[in-house]
Every structure is written in structure tokens, then in C-alpha cells.
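The next block holds one structure in the form of C-alpha cells; read it before the comments.
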Amino acid sequence: MDDDIYGIKKWGDDILEVLNNGNIGLKNPFYPSNPSIDLIKIVKSLNERGISCPVLLRVTDYLAFRIKQINESFFKAIKEVGYKGYYKGVFPVKVNQQAQVIDRIVDFGKEFDFGLEVGSKPELLIALAHDLSSESTIICNGIKDREFINLAILSLKIGFKTILVLESPRELDLIIEVSQELNVRPLLGIRIKLTNKVSGNWSQSSGDRSAFGLSVEQVMKVIKKLKSYNYLDCLVLQHSHLGSQIPDIIEIRKTTQEACRFYSEMCKQGAPLEYLDLGGGLGVDYTGEQKSSFNSINYSLDEYCINILETVKYELDQSNIDNPIIITESGRACIASSSMLIFNILGTTNFDSEKKQELNSKDHPLLKNMIQIPEYLNLERAQECLNDLNYYREEIRALFRSGQIDLSNMAKTEETYLYVINKIKTVLSSTTEITEELQDAIDNMADIYHGNFSLFQSLPDVWAIDQIHPIAPLQKHNKRPNRRVILNDITCDSDGIINKFVLKEGVSNTLPLHDVSDDEDYFLGVFFIGAYQETLGDLHNLFGDTNVATIKLKENGGFQLLHEQEGDTISEVLTYVEYEPKNIINRFKHIVEDAVRSRDLSLSERKKITQTFKDSISGYTYFEK
Ligand SMILES: *Cc1c(COP(=O)(O)O)cnc(C)c1O
């Protein structure tokens, strides 16, 4: 079977492929001709080490590769368009602040003078604790208090290139004050508010009503103030950021052009600008559709780089202004592909049945009609059969409620319903051309597969903003899937479902999967989740952080486990909600003690109950085998 139902070749070609044994393999992007590494083997080997599902798998090679790709693509574009400046990217820390991630970004980025972008004091502290290359920058966005400014300015004394980007005119007074107190000149940037509004999920970051950046009048005021305090020579950077995941390349061109207009006007006012920072926004093609939509983009990385450099060169050459150093703050595009969530299926709720129901003389006439539906079922009459089926069941349910049908007839009715549904699904599976109403009806009869993960902890954007991440089974790609399912997580929240999936032919409301049996694990992978998901996740139902494994693919096959981070224990999540684990154990002991007195509990029973409680509190919050 080789028809790539899940569209892996469309969205995952850089990192994944289907192996001959039907399992998914991880490709090594640095050695594309080497055999891929069986993901099931990786998961089993992690399990043997005690790292059980759900597990977040970080593949460092994918991060290293993307950093290299983004930088090299800009270098290539510089040559191609004859750009007379450089490119020096930064990674926006908010996109993934985890120590294991930032350490590696700094490490992989060193050869490219890759820096960091921070938006808060904690993020600034993270940046300052890293050995960045001396030519890289730390870009400070966000609202800054005296402490933030103090630290940023002082860091210049120890060799960091820390640039304070003004988010509002207010900040300038404080910066000048602190700089005079410390007697250190700051490096300054201005965040401008572009009037071009972009589309996509984050469009409110752009345009007149954006909460960020300075309007034209404010820019003018700030320049005047800088001049009057003799600080204009400190203004080295212009910043703009339009929001994440910009779907359309035209918008990137237009906004770059507008940014250049500001840049040249500010230069004409005497600002010695060197850096043009165009923010984040480089998108990820989650669905592989290559189109301008929320979960896709209509451009390639090379196109993005060329479009930016071409626009900047053209606009600034016209005004005789030196080509600036270009900074971009690509978070999502840098990190998304390097993490995947892997979980096992705990059980299924099937919405059809293969068990044929036989006619019986004692059956209610309506039930008899229902049992006979398959006799006239064919493709043309599928909708009619479904209508009949629903009608008869409604009627019989009403009779049951009013006491005119007994439990055994009612049970037979429900079983017949599932059997006829199965027959209808089979008839419809022979065609792709079915009406919207029938398709909806079929989607509503999809099975529910219950996964060992929390949507709220591991995939918060799927819940909050309908982000679509590609999902595929890790095994059985050589067997045609026979079920259509939606996924349900382990929380008790009806919102904990996934019902949008990436398939080869486009986005679908159901995911084709295989039957699962009790004696064999069935694993699913959710891909491209490295950006934003980890810190945005929350503790709904007190499901905590999952286990995390960071691996490196070996050149000659196999993998190396670089780091493992155990997921939250129950005791840890309890402390997040103000419980003291020791206290809780003591409280439980008191309750058991009372039971010993009042309920005739034996001492050995007491010991067993207390021990079970204690064992639980140090365990994983997810389903364990
Ligand atoms: C969030 C953010 C980014 C990252 O955007 P991506 O689309 O993930 O690249 C960059 N810069 C600023 C100022 C941000 O707020």
C-alpha cells in the first residue's frame, strides 16, 4: 500500500518517511541518504528506560537543521540579490523557553551569530545566562521597568549587545534616567506600528489598533527627545512585528516595504540606524497545502528571504541609504518541527457493529422494519436508509420511554442501529462523492479513540485557536486503516477532543486509523509542536508536564538519548495548587487511623492502604501500565 493517506510526503518530507515495515521513520536531515530510524523502536527503547507515554520527543538534529537552513537561506539570498548588508537572526525566547531548548539554540546558532529576543525580565535573565557569540544581539521587547532597563544597560559592560526596543514613548524617560545614573550609553531601538494589516490568526498584532509599537507622531516625538538629550546616536535599530504565522508572502513584501519607508525617514532625521528588525511571522506549513490559510503558507523559506532582501535593497537604494543588517525573530519556523508528542491509545468507542440482528416474530413491527433496511441499501438510497434508520429508532425510543417496549427490544434496536450504520458506512466508503449532509452524518458516526494525553497540557493551541497539527499512527502504514475516528484526551472535559486532521487530500473531520487490540500498543504521533505548546499548556484535571526525551540521531543509524526530563509527579502537581504533599499524606493517615478505630480495619490493611496512597503520590499523572 503506497498512497500516503496522511499526506506525510506533503507536510513531513523533511523529517519523516514510511519504512518498509510500515512504521514511521525519522529521517536525518543532515544525511538524507542514510536509513531513517524506526520511531517505534525509539519509543520502545524509551519505555524500557522508564520513559513511558505520553512522551514529548525532541529531536535536536531538526532544530540544528532549521537554524542552519534559515541562516543559509538568508546568506544565499544576500548573494543572489547583491545585498550589501548581513543577516543576523534572533530566537524569540517566548516561543520555547525550556533550558534544554535554549541551550541548544545558542550552541547551534553560534556560528551564525544567532542571538535571542526577550519580552520580559525572566526571559532577559535566561538570555544573559548564555554564552552568546560577541557579534549576536539580545533584542529586548516588551514593557520594561527600571530593573529590566538597569540590567540591560549594565550587560553592555560585560560584552552583550543588548538593544532596548522602545515600545512606548514613556519608556524613554526611564531609560535616559537609568543611563545617566549608570553613566553607560544604551543601545536603542524603536518598535514602529505599521499601518498595513496582515491576515491570519494574529492579525491584531498589526495595523493602527495594534497594542504594540509607536505611531508616526510618537516616532517623531521620540526622535526629538533623543536629539534634545543628545541620545540620538544610541538609536541603532528599527523593529516591527506583525504577528505569527503570516500566511501570504504578499503581506510580507508590503510590510517590509512600509518598514523601509520608516527606516529611511528615520535615517534622514539623523538616526544612525544599523539594524532593520522585521520580527517573527515566518510560517510553518502544518497542512502541507502550500496555500494562504491559517494552518498553511503560500511561500518557501528561500522565497521569504529573497522577498525581504529584494524589497529592502530596492527601497533603501532608492533613498541612498546603506543596506542595514537584517534581523528576523523567527520562533515558530525555527523550532516547530523539532518536537513531537507520542501517546498510546487507551481504548476505543466504536459507533458501529458487525453483529447482524435476526428477525424474530416477537420483534416490534418498527424494529422489524429497521432490521430490513439493509435489503434496499445501495449507494443511491444511502441517505434514504439513514433517514429511515433514524426515524425508526426515534419512534422506538419514544415507545420505550412511555413503557410500550421492553428492555430486550430496546437493546436489540440499538444493536440493529449500529449494524445498519456499519452497512451504510461500508456502502459509502466506495465513493468520495457524497453530499455534505451524508458526510456530516458519517463524521458524526466516527469512532472515538481515547488517547493517553491531555489536550490542555500538550496541545493548548488546538483547544484555544483551532491550530491543526499533523497526526499519524506510528505503525501499520502497510495496512489500510479501516476505522474513521476522532480523538478524545484523558481529561474529563468534553473540549478535550481533536476533530480536525491533515490528510493527503486536505483537512478532514475524521482520522483514518486501524482497529486496536488489547495485546498490542497503538501509538500516535502529533507533529510540529515545538513552538508555543510547552509553556502555554495548563494543568486541567491536574495532568502535568509529560515525560520529555531529547535525542540526537546517529550518523550511522540509531539514536543517542541526550537528556530525559521526567514528567510531573502527582506530588508536584499538587504543590502547584497549594497542597503540601507531606501534609496530604498526614491527613490521609489520620483518616485511615480513624477508620482503624471505628471500622475494624486491621493493621495490615491500614499499612497497605497508606502505602498505596504514598506510592501514588510519587507517580506519573497519566495512565500507567
Ligand atoms: C512572538 C513574537 C515573535 C515570534 O514570532 P514567530 O511567528 O513565532 O516567528 C517574534 N517577535 C516578537 C516581538 C514576538 O512577540
So, in region 229-247, how many residues would count as being part of a strand (DSSP E or B) and under 21 Å from residue 211 (Cα atoms)?
3
Can you give me the number of residues within region 104-121 that are within 15 Å of the ligand (Cβ to nearest atom) and not aromatic (Phe, Trp, Tyr)?
8
Based on this model, can you work out whether residue 348 counts as among the hydroxyl-bearing types (Ser, Thr, Tyr), in contact with a helix residue (DSSP H, G or I) (Cβ under 8 Å, 6 or more places away or on another chain) and either crowded, with 18+ Cβ neighbours inside 10 Å or closer than 30 Å to residue 546 by Cα (or both)?
no
For region 73-100, which residues satisfy the criterion of being more than 15 Å from the ligand (Cβ to nearest atom), touching a residue at least 40 places away in the same chain (Cβ under 8 Å) and open to solvent by 70 Å² or more (accessible area, probe 1.4 Å)?
76, 80, 84, 86
I'd like the full set of residues that are free of Cβ contacts under 8 Å to residues at least 40 places away in the same chain, touching a Leu at 6+ places or on another chain (Cβ under 8 Å) and either open to solvent by 60 Å² or more (accessible area, probe 1.4 Å) or outside any helix (DSSP H, G or I) (or both), limited to region 160-182.
160, 162, 164
What pairs come out if I take residues in region 334-348 that are farther than 13 Å from residue 52 by Cα and pair them with residues that are within 14 Å of the ligand (Cβ to nearest atom) and charged (D, E, K, R) whose C-beta lies under 8 Å away, six or more apart or interchain?
334/66; 335/66; 337/66; 338/66; 339/534
Residue list for region 265-295, filter: in contact with a His (Cβ under 9 Å, 6 or more places away or on another chain) and assigned to a loop (DSSP other than H, G, I, E, B)
278, 279, 280, 281, 286, 295
With the checklist (1) outside any loop (DSSP other than H, G, I, E, B); (2) under 30 Å from residue 290 (Cβ atoms) in hand, flag the one item residue 190 doesn't pass.
(2)
From 375, 380, which residue is without any contact (Cβ under 8 Å) to a residue 24 or more places away in the chain, outside any helix (DSSP H, G or I) and charged (D, E, K, R)?
380
Report, ordered by the first and then the second residue, all pairs with beta carbons closer than 9 Å, sequence separation of six or more or different chains, a first member in region 230-246 that is touching a residue at least 60 places away in the same chain (Cβ under 8 Å) and within 30 Å of residue 286 (Cβ to Cβ), and a second member that is of a type in the set (Ser, Thr, Tyr) and within 8 Å of the ligand (Cβ to nearest atom).
241/205; 244/205; 244/532
Would you check which residues across region 111-132 are surrounded by fewer than 16 Cβ atoms within 10 Å (Cβ to Cβ) and either of a type in the set (Phe, Trp, Tyr) or within 17 Å of residue 86 (Cα to Cα) (or both) and list them?
111
Report whether or not residue 163 is among the β-branched types (Val, Ile, Thr) and within 14 Å of the ligand (Cβ to nearest atom).
yes
Go through region 493-546 and give me each residue that's of a type in the set (A, V, I, L, M) and within 16 Å of the ligand (Cβ to nearest atom).
529, 531, 536
Boolean, residue 341 is more than 30 Å from residue 97 (Cβ to Cβ), buried (at least 16 other Cβ atoms within 10 Å of the Cβ), away from the ligand (no atom under 16 Å from the Cβ) and within 27 Å of the chain's Cα centre (by Cα)
no
Taking region 534-566 and keeping only residues that are surrounded by fewer than 16 Cβ atoms within 10 Å (Cβ to Cβ), not in a helix (DSSP H, G or I) and not charged (D, E, K, R), one is left with 556, 557, 558, 560, 561, 562, 563
(1) in contact with an Asp or Glu (Cβ under 6 Å, 6 or more places away or on another chain); (2) under 15 Å from residue 211 (Cβ atoms); (3) not in a strand (DSSP E or B): which one isn't true of residue 196, the others all being true?
(2)
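Going by the structure shown, is residue 582 of a type outside the set (S, T, N, Q) and open to solvent by less than 90 Å² (accessible area, probe 1.4 Å)?
Against the criterion (of a type outside the set (S, T, N, Q) and open to solvent by less than 90 Å² (accessible area, probe 1.4 Å)), residue 582 does not qualify.
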Restricting to region 463-482, name every residue that is in contact with a strand residue (DSSP E or B) (Cβ under 7 Å, 6 or more places away or on another chain), at pLDDT 95 or above and either of a type outside the set (S, T, N, Q) or surrounded by fewer than 18 Cβ atoms within 10 Å (Cβ to Cβ) (or both).
468, 469, 470, 471, 472, 473, 474, 477
Qualifying residues in region 207-235 (those that are more than 16 Å from the ligand (Cβ to nearest atom) and under 34 Å from the mean Cα position of the chain (by Cα)) - the one least open to solvent (accessible area, probe 1.4 Å):
215
Considering only residues that are crowded, with 20+ Cβ neighbours inside 10 Å and either free of Cβ contacts under 8 Å to residues at least 12 places away in the same chain or closer than 26 Å to residue 483 by Cβ (or both), which ones fall in region 41-52?
42, 43, 52
For residue 157, are the conditions met, namely being in a loop (DSSP other than H, G, I, E, B) and touching a helix residue (DSSP H, G or I) at 6+ places or on another chain (Cβ under 9 Å)?
no
State which residue is farthest from the chain's Cα centre (by Cα) when the search covers only region 137-154 and only residues that are in a loop (DSSP other than H, G, I, E, B) and within 16 Å of the ligand (Cβ to nearest atom).
144
Selection from region 312-347 of residues hydrophobic (A, V, I, L, M, F, W, C) and assigned to a strand (DSSP E or B) yields 325, 326, 327, 340, 341, 342, 343, 345, 346
It is to be established whether one or more residues within region 15-29 are under 18 Å from the mean Cα position of the chain (by Cα) and not polar (S, T, N, Q).
yes
Given 287, 255, which one is more than 15 Å from the ligand (Cβ to nearest atom) and surrounded by 24 or more Cβ atoms within 10 Å (Cβ to Cβ)?
287
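The values are calculated or read from the model by the stated rules, or taken from the named source; none is laboratory data. Since this is a predicted model, take the numbers as computed values, not measurements. Neighbour counts are summed over all protein chains in view; Cβ atoms, including those assigned to glycine, are modelled from backbone coordinates with ideal geometry. Ligands, DNA and RNA are stripped out before the accessible areas are found, and what is left, the full protein with its side chains, is counted by its heavy atoms. Shrake-Rupley method; radii C 1.70, N 1.55, O 1.52, S 1.80 Å.
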